[in-house]
Structures are given as structure tokens and as C-alpha cells.
Amino acid sequence: MKQAFALLLLIVACGFGRAFAEIGVPVARDLQKDAAIAKDKNGIVLVMFAGEHCSYCETVLNEFLIPMSRNADYQAKLVMRKVELSSYESMKNFQGGNTPHRRFAGDNGVRLVPTVMLFDTEGKLLTKPVVGLGTIDYYGYYLDQAIDKSLAKARGLPEPK
């Protein structure tokens, strides 16, 4: 009985984890529309490429991206979306064309997950992607550095040092 209850709790926890990830970093459905939202903010679009059973992806989502998505400073400058590397789910790319998630990932050269890419409102990659998790202690720094450089580039400002 205790094992059945523990299994039920695990199943519920996994379901809530995915639900929270969807709330914090929604799955990409229409990047053209997302880019328009980013343009209104004078911001950029952050796309996280994830794998279905990737524990590192879950760590990046839960430890970094979901908390960032709740922070007003990041909300004011970013639109965050998630693309599933192996998904055939259709989405609109930055030009408005329909494409499966896996093709969008391939078109952007994504082979390893997690990968975070930062795009301007036209869909142009702004800085070197943040690939993998590496050292969790420094991941937030690398991510913030990429965001700051991308924002400066998108806004036509000098790149921060």
C-alpha cells in the first residue's frame, strides 16, 4: 500500500513539474507572434531546445528559466519558449511558416540539449548559444551574459563587457 501511494505521489509530482514548466516556459507554437510581443518590449526571444527525457533540461528549466520567467526584470526584456528536439508538433517559425519542432531545431544546428538560443525579432541569432549545463554554479552567469549581449546587439547599443 505504501509503495502504491509513493508511486501515485511520484506520478502526480512529474505531472505538476511538466505543468509548471509549461506555465513558466511555454512550448513554442508561433514564434512570429512571440517576436511581435518581444518587439513591443524592445526585447528578444529566448528559445530553449530540450529533450524529452533530459534531466539537464529539467534542471535548466527548474533552476533558471522558470524562476527567470517569474521575474519582472526578465519579463520586461524576454519572451521565452521551449522547443522539443524530437517532437513532430507543428509550430510557426519567425517567418510565419509551419515547421515541426525537430526541423526548427535542425535548421538552427541544435544537436545537444539543453541549448538556449537568443533571437532578435526577425529570427536572427544574436549570440553564441548556451549549450549544455556544464557547471551549475556558473550557468546563470553565462546565461545572463548571453542575454545582456543579445539585448545590447538587438537594441544597437555597445556590447557589455
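How many residues does segment 49-66 contain that are touching a residue at least 24 places away in the same chain (Cβ under 8 Å), part of a helix (DSSP H, G or I) and either charged (D, E, K, R) or more than 13 Å from Pro26 (Cβ to Cβ) (or both)?
8
Could you please give the count of residues in segment 125-141 that are buried (at least 17 other Cβ atoms within 10 Å of the Cβ) and either modelled with pLDDT of 95 or more or at positive phi (or both)?
5
Could you list, in sequence order, the residues of segment 82-133 that are touching a residue at least 60 places away in the same chain (Cβ under 8 Å) and part of a strand (DSSP E or B)?
Within segment 82-133, Lys82, Met91, Lys92, Thr115, Val116, Met117, Leu118, Phe119 qualify.
Let me spell it out: the conditions are (1) modelled with pLDDT of 95 or more; (2) touching a helix residue (DSSP H, G or I) at 6+ places or on another chain (Cβ under 9 Å); (3) among the hydrophobic types (A, V, I, L, M, F, W, C); (4) in a helix (DSSP H, G or I), and Leu46 meets all of them except one. Which number is the exception?
(4)
Only one of these conditions is not met by Glu52: (1) at pLDDT 95 or above; (2) of a type outside the set (Phe, Trp, Tyr); (3) within 24 Å of Gly134 (Cα to Cα); (4) touching a strand residue (DSSP E or B) at 6+ places or on another chain (Cβ under 9 Å). Which number is it?
Result: Glu52 fails condition (1) only.
May I ask you to list the residues in segment 103-156 that are hydroxyl-bearing (Ser, Thr, Tyr) and closer than 21 Å to Ala36 by Cα?
Start the filter on segment 103-156 by keeping residues that are hydroxyl-bearing (Ser, Thr, Tyr), which leaves 115, 121, 127, 135, 138-139, 141-142, 150.
Thr121, Thr127, Ser150, listed by residue number.
Working only within segment 142-157, note down all residues that are surrounded by 12 or more Cβ atoms within 10 Å (Cβ to Cβ), of a type in the set (A, V, I, L, M, F, W, C) and either over 14 Å from the mean Cα position of the chain (by Cα) or not in a helix (DSSP H, G or I) (or both).
The answer is Leu151, Ala152, Ala154.
The values are calculated or read from the model by the stated rules, or taken from the named source; none is laboratory data. Just so it is clear, the model here is predicted, and its values are computed rather than measured. Note: ideal-geometry Cβ built from the backbone for every residue, glycine included; neighbour counts use all protein chains shown.
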